[in-house]
1. Return the residues of the range 212-248 that are out of contact with any strand residue (DSSP E or B) (no Cβ under 7 Å at 6 or more places or on another chain), more than 24 Å from LEU259 (Cβ to Cβ) and β-branched (Val, Ile, Thr); say none if nothing qualifies.
2. Could you count how many residues in the range 65-98 are more than 30 Å from ARG634 (Cβ to Cβ) and in a helix (DSSP H, G or I)?
3. With (1) closer than 19 Å to LYS560 by Cα; (2) open to solvent by less than 60 Å² (accessible area, probe 1.4 Å); (3) among the hydrophobic types (A, V, I, L, M, F, W, C) as the list, and VAL198 as the residue in question, which single condition is left unmet?
4. Being in a strand (DSSP E or B) and more than 42 Å from the chain's Cα centre (by Cα) is the filter here, so list the residues in the range 487-515 that pass it.
5. Which is out of contact with any Phe, Trp or Tyr (no Cβ under 6 Å at 6 or more places or on another chain) and within 19 Å of SER177 (Cα to Cα), of THR635, THR578?
6. Note down all Cβ pairs under 8 Å where the first residue falls in the range 9-38 and is touching a residue at least 40 places away in the same chain (Cβ under 8 Å), the second is surrounded by fewer than 17 Cβ atoms within 10 Å (Cβ to Cβ) and aromatic (Phe, Trp, Tyr), and they're at least six residues apart or on different chains.
Amino acid sequence: MGKNIYIAEKPSVAKEFAKALKYNMKNRDGYMESEEAVVTWCVGHLVTMSYPEAYDEKYKRWSLDTIPFIPEEFKYEVIESVKKQFQIVSGLLNREDVETIYVCTDSGREGEYIYRLVEQQAHVQGKSRKRVWIDSQTEEEILRGIREAKDLSAYDNLSNAAYLRAKEDYLMGINFSRVLTLKYSNPIKSYLKADRAVVSVGRVMTCVLGMVVNREREIREFVKIPFYRILSRVSIEGRECSCEWKAIEGSKYYQSPQLYKDNGFLEEKEADAFIQYLEEAPAAMPVVEKVEKKKETKNPPLLYNLAELQNDSSKLFKISPDETLRIAQELYEKMLSRAVAKEIHKNISGLRNYEIAASYAAEILNVGSYKSVAKTRYVNDKQITDHYAIIPTGQGIGALSGLHPTSAKVYEIIVRRFLSIFYPAAIYQKVTLGVMMKGEFFSTGFKVLAQEGYLAVSRTSFAGKKSDGDDNGEKKEEEQEASCDDSFLEILNTLKKGRELELIGLDKKEGETSPPKRYNSGTMILTMENAGQFIEDEELRAQIKGSGIGTSATRAEILKKLVNIKYLALNKKTQIITPTQLGEMIYEVVAGAIKPLLDPRLTASWEKGLTLVADGEITENEYMVKLDDFVTRRTNTVKQMNNQSLLYNRFRYVEQFYNKRT
């Protein structure tokens, strides 16, 4: 009887498989083996697409005569730095005594691609191939994955999408980078007085550059509008509170052009005149117009996915998405999962050994609130793809002591987010008070936490002050409400329409409109994930829902590359992202030559197409025909352009916003 071979994506995962199999494995060079099985590993990608010169030496020299370059059949080669491991893996896969190959690379498009390239390059034939699709690396999940492994052919559509994604990036990167560099490097070099200039372009990378530059220009062009709000300070049973004026129907200023929105005067003199009108005889006291009471329910947030974890980690710990991804991978190998419904009792039980969350885990088990989670919005195992939801397995708690403090904090917020879904919603009691003065309406709101619910578990051990756990502190000013204690809430509840209140005074409060915020590394990752927000057409937006820019596993690397090639600048303390002068000049080049590359709608639609291929709704050939046409048409159009002289004025425009030429 032949042996089984298990091939993982990296050595650490292979060790977990060997441990779960419980065979008497002996360590070899690049693999482990027992009488029953072999366990080996890739080290990420072992095979890559060949550069154009591998097809013909003439392609080594960049020339307009040799583009567009679209090979009929793509070539691949072993990556030189991992050649030894490839040779080991190739030899093992082709061994005569190996009967069945268990593909144990990461459960997703990229993991599929990593193995398929190896199999292709190793010319593996005549073997039974099974796909192990798992959500964590616990022993139970590994054994389940092996037991339920499907034939590898069931994942052929996913493999097709993976190959197409790589071909798309390859063809756009090579053709567009070459044509734009050949046409526009001289104007860039001349303006910057640089020795060389390469216009580096990528399907996702250039789109991200476009979003950052567009946001920066929105900020630059933003004109602040000052306005003046009117506040009445009233006394309620000896407690002072401020009510804000609003021009509702019946007000002398209703829909007046003198106002910003409906609660601020554009001219200070008009605000002063309004206060004078309210104060002059006959003086009017504030009279209660309405007291509205309602409960507000705040449900626990959805479980973390990678993009949301990267955003929160950027905000809380000031670390880059790339670092968060590294931490998530480190934790995933030790103590994280991507599925919620399976073995949930065991997950929670294990967290009783995690001191920070022990009492919450015990309470959940005691109450039994976990039993119905499979029917809630928090669980949809059908949607599990690359890094979909991140939850703790409850295992590997002992490894926490060896983690870096930041990694331990990331683990804490993951655990707290997970346990939150088993707690009830937080409930606030809200009261809105409206008063009238001389026919003008003033109002204020109060809010008190009536039931803490999940907020108890979501509040981190390292938080500087008491907060609502997942509150990001970025509420818009008009949404803010005054907090109050239970005793004052009772007083408010006794107020009736028509009751006269004591007026302490009237105030004028100056404000101004705010420009859009710059992206930080975390918000950029979320924006890349939710690219559909840029699409105005509702039908198209619905079509690409769930198809962002890039993938969860590649977005951090794309940002990192843009910073490394000096198109973007990243402030390490704040994680704020801004364009560099060079980056903005590249933006101008692309905008004048292949403008759609800057548009997130195009990039998201390509990603949607890959999803359709993976789902079997369109064929690999259909997608490739459209890709060939787009690359060929756009490359040939740029070759015919003669707009280099127009760039000088655009470069001058860009330069004024930077201290010196870079």
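The values are calculated or read from the model by the stated rules, or taken from the named source; none is laboratory data. No experiment lies behind these values; they were computed from the predicted model shown. Counting neighbours? That spans all protein chains shown, and the Cβs are built from the backbone with ideal geometry, glycine included. Heads up: the accessible areas ignore ligands, DNA and RNA and are worked out on the full protein's heavy atoms, side chains in. Shrake-Rupley method; radii C 1.70, N 1.55, O 1.52, S 1.80 Å.
1. ILE219, ILE236
2. Taking the range 65-98 as the starting set, the residues that turn out to be more than 30 Å from ARG634 (Cβ to Cβ) are 78, 80-98.
Filter once more, so that each one left must be in a helix (DSSP H, G or I): 80-93.
Within the range 65-98, residues that are more than 30 Å from ARG634 (Cβ to Cβ) and in a helix (DSSP H, G or I) number 14.
3. (2)
4. Restricting attention to the range 487-515, the residues satisfying the condition of being in a strand (DSSP E or B) are 500, 502-512.
Correct list: GLU500, GLU502, LEU503, ILE504, GLY505, LEU506, ASP507.
5. Details: THR578 fails: within 19 Å of SER177 (Cα to Cα).
Step by step, each of THR635, THR578 is checked, and only THR635 is out of contact with any Phe, Trp or Tyr (no Cβ under 6 Å at 6 or more places or on another chain) and within 19 Å of SER177 (Cα to Cα).
6. Pairs found: none.
Each row is one residue, and each column tells you yes or no for (1) modelled with pLDDT of 95 or more; (2) open to solvent by 40 Å² or more (accessible area, probe 1.4 Å); (3) within 30 Å of GLY398 (Cα to Cα).
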{"position": "GLU267", "(1), (2), (3)": "yes, yes, no"}
{"position": "ALA271", "(1), (2), (3)": "yes, no, no"}
{"position": "GLU279", "(1), (2), (3)": "no, yes, no"}
{"position": "VAL288", "(1), (2), (3)": "yes, no, no"}
{"position": "LYS295", "(1), (2), (3)": "no, yes, no"}
{"position": "ASN299", "(1), (2), (3)": "no, yes, no"}
{"position": "ASN305", "(1), (2), (3)": "no, no, yes"}
{"position": "ALA328", "(1), (2), (3)": "no, no, yes"}
{"position": "LYS334", "(1), (2), (3)": "no, yes, yes"}
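One line per residue, one yes/no per condition, for (1) over 24 Å from VAL98 (Cα atoms); (2) open to solvent by less than 60 Å² (accessible area, probe 1.4 Å); (3) not polar (S, T, N, Q):
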position	(1), (2), (3)
ALA18	no, yes, yes
LYS22	no, no, yes
ASN27	no, no, no
THR40	no, yes, no
HIS45	no, no, yes
LYS60	yes, no, yes
